[in-house]
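The values are calculated or read from the model by the stated rules, or taken from the named source; none is laboratory data. This is a predicted model, so every value here is computed, not measured. Neighbour counts are summed over all protein chains in view; Cβ atoms, including those assigned to glycine, are modelled from backbone coordinates with ideal geometry.
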Amino acid sequence: VSYLLFGRKGWGSAIAEAQLEHYGLPFRVEEVPDLFQEPSAALAAANPVAQVPTLVLPGGEVMTESAAITLHLADVTGSADLVPAPAEPERARFLRWLVFLVANVYPTFTYADDPARFCPEACAPAFKTSVFAYRERLWRAVEAAAEGPCFLGDRFSALDVYLGVMTRWTPREDWFRREAPKLWAAAERAWAAPRIGAALARHFG
Ligand SMILES: N[C@@H](CCC(=O)N[C@@H](CS)C(=O)NCC(=O)O)C(=O)O
């Protein structure tokens, strides 16, 4: 019995896919269309906001929210490879920045991908500009918190997997190399991890 991951090449489902791959869990991917052009009825039936990643667990339960999926996969595998265990000193920082990424940074993509959901069409370009500027401010805060060579210092974690994916999105490589070199370096750690790197390469190679 395997996991079913609704996903799309280059989209946030890569974060979940890389972790499923890392743990060696059996999964198949249901590729969705560009959701901004074409809705997916199957995805909408599973997830009321029709976003990826959406993961159907082997027992049929649906999970959404990449951070919840990240914590859940560590639970079911009993592994601390990607999620520091409760007693580890990095645990608190891990939780803080995991939630920061999904609660602060990730929504800037939701806002900018389709501004019409949030403001009248006439203000969409200005709204988008503000969201981009705010996103850069958020990334600078993440950069300031990064220790290097991984986000949590020597401790590789799912935060590096997030960075491996999110540094490929706007404002993209040149900006990160220049303005957030610690985040870019942490992303490279994820790309260098064998199974995780292979999954990332399928999405962005
Ligand atoms: N909070 C969600 C965000 C997921 C998300 O925004 N996914 C994007 C793709 S990267 C999406 O499916 N967008 C389609 C839409 O918003 O209609 C998570 O962390 O998993």
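Just to verify a result, which residue in segment 31-65, among those that are more than 13 Å from the ligand (Cβ to nearest atom) and more than 25 Å from G78 (Cβ to Cβ), is surrounded by the fewest Cβ atoms within 10 Å (Cβ to Cβ)?
Here is the first cut: in segment 31-65, the ones more than 13 Å from the ligand (Cβ to nearest atom) are 41-42, 45, 56-61.
Narrowing the set further to residues that are more than 25 Å from G78 (Cβ to Cβ) leaves 41-42, 45.
Numbers: A41: 8, A42: 14, A45: 10.
Per the stated criteria, the residue is A41.
Cβ contacts < 7 Å: first residue outside any helix (DSSP H, G or I) and of a type outside the set (S, T, Y), restricted to segment 56-79; second residue at pLDDT below 95 and away from the ligand (no atom under 13 Å from the Cβ), any location; separation 6+ or different chain. Result?
Filtered contacts from segment 56-79: P58/V1.
Among the residues of segment 116-129, are any within 17 Å of the chain's Cα centre (by Cα), within 16 Å of the ligand (Cβ to nearest atom), surrounded by 15 or more Cβ atoms within 10 Å (Cβ to Cβ) and not polar (S, T, N, Q)?
Within segment 116-129, the subset within 17 Å of the chain's Cα centre (by Cα) is none.
No, segment 116-129 contains no residue that is within 17 Å of the chain's Cα centre (by Cα), within 16 Å of the ligand (Cβ to nearest atom), surrounded by 15 or more Cβ atoms within 10 Å (Cβ to Cβ) and not polar (S, T, N, Q).
In segment 183-205, how many are assigned to a helix (DSSP H, G or I) and over 26 Å from S79 (Cα atoms)?
Of all residues in segment 183-205, those assigned to a helix (DSSP H, G or I) come to 183-192, 194-204.
From the residues that got through so far, the ones that are over 26 Å from S79 (Cα atoms) too are 204.
Residues in segment 183-205 being assigned to a helix (DSSP H, G or I) and over 26 Å from S79 (Cα atoms): 1 in total.
Across segment 88-106, what is the total count of residues that are in contact with a strand residue (DSSP E or B) (Cβ under 9 Å, 6 or more places away or on another chain) and either hydrophobic (A, V, I, L, M, F, W, C) or within 12 Å of the ligand (Cβ to nearest atom) (or both)?
2
Which residue, of F109, F118, F94, is out of contact with any Asp or Glu (no Cβ under 9 Å at 6 or more places or on another chain) and either within 27 Å of V56 (Cα to Cα) or modelled with pLDDT under 95 (or both)? Lay out the reasoning, then the answer.
On the way: F118 fails: either within 27 Å of V56 (Cα to Cα) or modelled with pLDDT under 95 (or both); F94 fails: out of contact with any Asp or Glu (no Cβ under 9 Å at 6 or more places or on another chain).
Unique residue meeting the criteria: F109.
Yes/no per residue for (1) part of a helix (DSSP H, G or I); (2) within 13 Å of the chain's Cα centre (by Cα):
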{"position": "W11", "(1), (2)": "no, yes"}
{"position": "V49", "(1), (2)": "no, no"}
{"position": "V83", "(1), (2)": "no, no"}
{"position": "A103", "(1), (2)": "yes, yes"}
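Just name the residue that is surrounded by the most Cβ atoms within 10 Å (Cβ to Cβ) out of those in segment 168-180 that are among the basic types (K, R) and more than 17 Å from the chain's Cα centre (by Cα). Spell out how you get there, then give the answer.
First, pick out the residues of segment 168-180 that are among the basic types (K, R): 168, 172, 177-178.
Right, trim to more than 17 Å from the chain's Cα centre (by Cα) and you get 177-178.
Working: R177: 13, R178: 10.
Result: R177.
Only one of these conditions is not met by L183: (1) closer than 15 Å to L20 by Cα; (2) touching an Asp or Glu at 6+ places or on another chain (Cβ under 7 Å); (3) crowded, with 20+ Cβ neighbours inside 10 Å. Which number is it?
Every listed condition holds for L183 apart from (1).
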